[in-house]
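**Student:** Provided herewith is a single structure, encoded as structure tokens, for subsequent inquiry.
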């Protein structure tokens with residue numbers, strides 16, 4: 001192991017990860033009842049998924065099609081369990097591998113596109129995947145798949161909510177650790193360079209297409225893992241629950257509200273939006289079943305009007321702390337990062 | 001025999017395609033001029049359909065008559081949307097992604113508002129125009145033909161407007177070069193609001209035209225939004241003529257593959273056609289070369 005790869009373990013994001021891990025453990029230990037366990041499970045799972053999605057966004061690749069990977073993982077794990085009796089613990093990784101393969105197949109044509117063109121192309125392919133799964137008899141077509149309730153560790157089905165909570169916390173911490181390590185690594189530096197200025201990165205010798213594809217495949221793999229967890233939790237999946245436009249939107253909402261392309265942005269977004277939806281549901285659904293969605297949508301729109309650059313960016317401007325960089329960088333790299341960050345600030349649409 | 005089926009499929013595909021063209025022309029105008037990806041476009045179209053339902057229930061309006069109400073109201077609504085939502089965001093230095101976020105929030109509001117009033121029961125309108133009409137060997141409902149004719153007529157007016165009027169030229173100037181357009185003295189704020197107005201009006205009118213023969217639900221817009229994105233990207237995002245031809249093309253592909261490959265595979269086939277087009281021509285069939293570089297940063 002070289003000195004460079006050791007020093008990454010001391011980098012800012014990994015230290016922050018340790019703090020987040022301690023906080024997560026405290027939350028899991030102190031959660032008072034099953035209602036809060038369910039909410040916390042959802043936060044961990046979706047914060048992990050949005051962080052996985054966000055790894056592609058390190059390089060500026062905003063996907064609207066990650067439901068294809070989530071759904072692909074969920075269906076793989078569930079079908080292996082139902083048809084072949086393979087434990088979901090293995091099925092989860094099989095689902096991740098299938099999702100990674102899908103990510104490669106989707107990334108290869110789509111990553112030639114940029115910006116919104118990439119997003120809409122991935123959306124189209126995830127819709128195509130949804131319709132194929134919804135019409136295929138092997139995958140249960142429109143009826144979906146039911147998982148029989150057989151509690152047991154080997155089946156990844158738990159009697160109590162605590163089992164699922166631990167599982168989702170583990171998933172969340174694994175994804176965010178990988179995300180932090182990637183962000184601070186040379187690979188992450190290349191990705192950030194691509195996001196700031198793809199041509200400049202290419203000229204400086206970064207193999208941009210390969211880096212983008214690698215990030216996309218890693219992101220798809222980690223998203224696919226969550227599919228099996230969700231399926232074993234719900235004990236039911238159909239294309240609406242795992243493949244829909246609603247799922248695609250969630251990745252985007254958490255990522256953009258928190259702060260796109262930062263390690264902790266998607267987590268911040270999920271930690272704000274998921275409890276918000278719960279609070280609105282608790283207080284507004286006395287009026288009508290649908291009213292809370294209306295209020296939630298209105299709050300989303302108002303929030304982005306108040307914080308158009310995301311929560312993290314707003315916090316940073318509030319504290320205005322001097323930036324610290326503990327990863328030692330060569331002089332060229334420092335110049336490169338400085339240029340990248342300048343460009344990052346300039347990529348906003350001028351008004 | 002099989003040519004009869006083919007003719008039937010081609011005609012019904014083109015009829016649906018006409019509506020796709022109209023929705024997509026609105027979406028692509030908004031993107032071309034303002035660079036906002038409007039995720040509320042599909043739900044605006046759905047609202048247009050429900051507006052026709054309300055007008056029929058309350059006043060007994062025929063959907064074709066409702067157009068005269070829906071078009072101006074949705075135009076004003078679209079302009080209001082630009083002034084109240086998009087402009088403040090732009091002034092606060094919002095990225096294109098933040099703008100997309102805001103339109104997603106808005107589409108959630110639209111959908112749940114309709115779901116609140118009508119639950120998820122399907123709604124539709126009845127038109128006085130009923131009966132079938134023969135087009136060559138094909139036979140189609142007259143109301144579909146009427147909807148198609150109106151949609152194509154509006155699209156044609158739209159095209160002539162962009163091509164030959166001063167405002168139309170200003171729109172095109174603004175979508176080609178923002179700074180240049182402002183330097184030569186175009187009122188950018190007014191044009192942004194107008195483009196949103198026209199775009200949303202197109203969506204609303206398409207929804208009204210659809211209402212006699214398509215069961216409306218609060219979430220009916222999602223399908224049309226995805227279609228509109230596909231159509232405008234195939235035609236070249238920002239290119240109105242591209243959207244018009246792309247709509248007809250997608251309607252045709254959908255109708256033919258639904259029959260020859262399998263029900264609901266129509267969507268899968270045109271989505272794959274879409275990716276193939278983007279693979280070979282990232283700027284779309286009619287997009288200016290390099291226009292795929294615009295987009296979200």
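The values are calculated or read from the model by the stated rules, or taken from the named source; none is laboratory data. Predicted, not measured: the structure shown is a model, and the values here were computed from it. Cβ: placed from backbone, ideal geometry, glycine included. Neighbour counts: every protein chain shown.
**Student:** In segment B:44-136, which helices (runs of 4 or more DSSP H) lie fully inside it and hold 3 or more residues that are surrounded by 22 or more Cβ atoms within 10 Å (Cβ to Cβ) and away from chain A (no Cβ under 14 Å)?
**Tutor:** The helices (runs of 4 or more DSSP H) meeting that bar are B:63-81.
**Student:** Working only within segment A:94-118, note down all residues that are within 12 Å of residue A:64 (Cα to Cα) and surrounded by fewer than 23 Cβ atoms within 10 Å (Cβ to Cβ).
**Tutor:** A:115
**Student:** Right, another one. Which of the numbered conditions does residue A:146 fail, given that it passes all the others? Conditions: (1) surrounded by fewer than 18 Cβ atoms within 10 Å (Cβ to Cβ); (2) under 20 Å from residue A:261 (Cα atoms).
**Tutor:** So residue A:146 meets the others, but not (2).
**Student:** Let me ask you something else. Kindly list, by first and then second residue, each pair from a residue in segment B:22-50 that is without any contact (Cβ under 8 Å) to a residue 24 or more places away in the chain to a residue that is part of a helix (DSSP H, G or I) and buried (at least 24 other Cβ atoms within 10 Å of the Cβ), limited to pairs with Cβ atoms under 9 Å and residues at least 6 apart or on different chains.
**Tutor:** none
**Student:** Turning to a different aspect of this structure: Can you name the helices (runs of 4 or more DSSP H) wholly within segment B:194-285 that have at least 2 residues being under 14 Å from the mean Cα position of the chain (by Cα)?
**Tutor:** B:220-235, B:240-260
**Student:** Another question, if that's okay. Please count how many residues of segment A:77-93 are closer than 16 Å to residue A:239 by Cβ and surrounded by fewer than 24 Cβ atoms within 10 Å (Cβ to Cβ). Explain how you work it out, then say what you get.
**Tutor:** Restricting attention to segment A:77-93, the residues satisfying the condition of being closer than 16 Å to residue A:239 by Cβ are A:77-79.
From what's left, surrounded by fewer than 24 Cβ atoms within 10 Å (Cβ to Cβ): A:79.
Summing the residues that are closer than 16 Å to residue A:239 by Cβ and surrounded by fewer than 24 Cβ atoms within 10 Å (Cβ to Cβ) in segment A:77-93 gives 1.
**Student:** Continuing with this model, one more query. Could you list, in sequence order, the residues of segment A:119-137 that are more than 8 Å from chain B (Cβ to nearest Cβ) and either surrounded by fewer than 19 Cβ atoms within 10 Å (Cβ to Cβ) or within 19 Å of residue A:211 (Cα to Cα) (or both)?
**Tutor:** Within segment A:119-137, A:122, A:136, A:137 meet the criteria.
**Student:** Do we find that residue A:140 is surrounded by fewer than 22 Cβ atoms within 10 Å (Cβ to Cβ) and either within 14 Å of another protein chain (Cβ to nearest Cβ) or touching a residue at least 12 places away in the same chain (Cβ under 8 Å) (or both) in this structure?
**Tutor:** On the way: surrounded by fewer than 22 Cβ atoms within 10 Å (Cβ to Cβ): yes; either within 14 Å of another protein chain (Cβ to nearest Cβ) or touching a residue at least 12 places away in the same chain (Cβ under 8 Å) (or both): yes.
For residue A:140, the condition - surrounded by fewer than 22 Cβ atoms within 10 Å (Cβ to Cβ) and either within 14 Å of another protein chain (Cβ to nearest Cβ) or touching a residue at least 12 places away in the same chain (Cβ under 8 Å) (or both) - is met.
**Student:** Right, next: When you go through A:246, A:261 one by one, which is the residue that is surrounded by 22 or more Cβ atoms within 10 Å (Cβ to Cβ), modelled with pLDDT of 65 or more and closer than 24 Å to residue A:55 by Cβ?
**Tutor:** Details: A:246 fails: surrounded by 22 or more Cβ atoms within 10 Å (Cβ to Cβ).
It is A:261.
**Student:** Let me ask something additional. Identify, from the list A:276, A:253, the residue that is within 8 Å of chain B (Cβ to nearest Cβ) and either within 21 Å of residue A:41 (Cα to Cα) or surrounded by 19 or more Cβ atoms within 10 Å (Cβ to Cβ) (or both).
**Tutor:** Values: A:276 fails: within 8 Å of chain B (Cβ to nearest Cβ).
Being within 8 Å of chain B (Cβ to nearest Cβ) and either within 21 Å of residue A:41 (Cα to Cα) or surrounded by 19 or more Cβ atoms within 10 Å (Cβ to Cβ) (or both) holds for just one of A:276, A:253, which is A:253.
**Student:** Restrict the check to segment A:283-292 and report whether at least one residue is buried (at least 24 other Cβ atoms within 10 Å of the Cβ) and over 19 Å from the mean Cα position of the chain (by Cα). Full working, then the answer.
**Tutor:** At the first step, the residues of segment A:283-292 found to be buried (at least 24 other Cβ atoms within 10 Å of the Cβ) are none.
No, the conditions are met nowhere in segment A:283-292.
Residues checked against (1) at pLDDT 80 or above; (2) closer than 26 Å to residue A:16 by Cα:
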position: A:280; (1), (2): yes, no
position: A:285; (1), (2): no, no
position: A:302; (1), (2): yes, no
position: A:307; (1), (2): yes, yes
position: A:319; (1), (2): no, yes
